Amino acid sequence: MGFALITQISNFFKNKKVLITGHTGFKGTWLTIWLNAMGAKICGFSLAPPHTDNFFALSGIETAIFSITGDIRDFDALNKACQNFKPEIILHLAAQALVKQSYRDPVETYSTNIMGTVNLLEAVRLNPGIKAVINVTSDKCYENRNWLKGYTESDPMGGHDPYSSSKACSELVTSAYMRSFFNLDAEAFNPAIASARSGNIIGGGDFAENRLIPDMVRAFAKNKKVHIRYPNATRPWQYVLEPLLGYMMLALNLVDNGSQFNGAWNFGPKPEDTREVGYIVDKFSSFMDCHDMWNLDPEKHPHEAGLLMLDSSKAHTLLGWHTRLSVDTAIEWTANWYKFFQKDPRRILAFSQNQITSYETLLK
């Protein structure tokens, strides 16, 4: 059944015109590599990757797609990209994605994550022919009450920090556009619209600052201890390929089955893979052969949620999606990626493609 699923997805995306915003980011690069292998015709729209280590630039995947350097806050540039490329499917990943950065620059965070979503959906409204749109937001869009149960798609939006609240606002914008413009009579232009809320994602290719795994990799490379802000914070961890599979399954159903798949979708791991940060740190350190290499960060840090869990029953039941890798295996695959990168960075695209192939095999 797993191979049948991958065959179905590959056949679906072959020659499909897919616009990916944020394609130069961590998740965007993995998605671009995977969809390119399936034969999709990809246009990426994103800010230029940073001059420091960046998975997109290191992979060389840019030569296989049409890549546009642009800001999601620039409506004219985004609308022109839609007019010229004429996508059938849009996967919206462009975002300011860091909690700590949102405290430093809330205006950038809100303008990117809220008005970027408005610009995208307005471009969709003005460009008939688009069949499906998925807005990738965050599990942090929920009003966090430190519940000992997973949040479901009908729970209230919220967010203590600018990043989380900006993602909640992006969800509200998506819902409003869907109900106001894309849920009309059958004769109207009605692209299917959904949002995807994923758990904490780990994997090779993440080089962002103030994020757990990249901070550890940088510290270990200098033989230094990494400072951990909240070792007791509990999060739903999963490997990067898991939610990407969910997005592709959702896109297929949005195109084939239309508005019955509209709305919000959680993509999170099994309950037993919701673990404390300290557990992830210890496991990753072990796989990297760097023992006793972390301590508690003594500095004062802004608020972050202590407990976050997702209930992904909707995706399990209606899409047949669930995670395949345990949290320990996800950590091991992540460590393997960085160890290979440190040895042979020029072949990191081939290694990443091999991880995708291994994951597809696991679906059996």
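Scanning region 340-352 turns up one or more residues that are closer than 20 Å to Y247 by Cβ and either touching a Ser or Thr at 6+ places or on another chain (Cβ under 8 Å) or touching a residue at least 12 places away in the same chain (Cβ under 8 Å) (or both). Of a type in the set (V, I, T) and assigned to a helix (DSSP H, G or I) - does that describe any residue in region 34-57? No, there is no match, as no residue in region 34-57 is of a type in the set (V, I, T) and assigned to a helix (DSSP H, G or I). Could you tell me which residue of region 156-165 is modelled with the lowest pLDDT, considering only residues that are closer than 18 Å to V136 by Cα and surrounded by 14 or more Cβ atoms within 10 Å (Cβ to Cβ)? Checking each candidate, the answer is G159. Which of the residues spanning region 80-132 are part of a loop (DSSP other than H, G, I, E, B), closer than 16 Å to K17 by Cα and within 22 Å of the chain's Cα centre (by Cα)? If the condition is that a residue be part of a loop (DSSP other than H, G, I, E, B), closer than 16 Å to K17 by Cα and within 22 Å of the chain's Cα centre (by Cα), then P87, E88, I130, K131 are the ones that fit. Does region 352-360 include one or more residues that are more than 19 Å from the chain's Cα centre (by Cα), closer than 25 Å to A221 by Cα and assigned to a helix (DSSP H, G or I)? Yes. Of all residues in region 122-134, exactly one satisfies the criterion of being over 17 Å from C43 (Cα atoms) and either in contact with a strand residue (DSSP E or B) (Cβ under 6 Å, 6 or more places away or on another chain) or of a type in the set (A, V, I, L, M) (or both), namely L126.
Of all the listed residues (A194, A251, A168), the sole one being part of a strand (DSSP E or B), crowded, with 17+ Cβ neighbours inside 10 Å, in contact with a strand residue (DSSP E or B) (Cβ under 8 Å, 6 or more places away or on another chain) and on the phi < 0 side of the Ramachandran plot is A194. Can you confirm whether region 231-239 contains a residue that is over 30 Å from G258 (Cα atoms), in a loop (DSSP other than H, G, I, E, B) and touching a Lys or Arg at 6+ places or on another chain (Cβ under 8 Å)? Checking region 231-239: not a single residue is over 30 Å from G258 (Cα atoms), in a loop (DSSP other than H, G, I, E, B) and touching a Lys or Arg at 6+ places or on another chain (Cβ under 8 Å).
The values are calculated or read from the model by the stated rules, or taken from the named source; none is laboratory data. Since we're looking at a predicted model, the values are computed, not measured. Cβ sites come from the backbone with ideal geometry, for glycine too, and all protein chains shown count toward neighbours.
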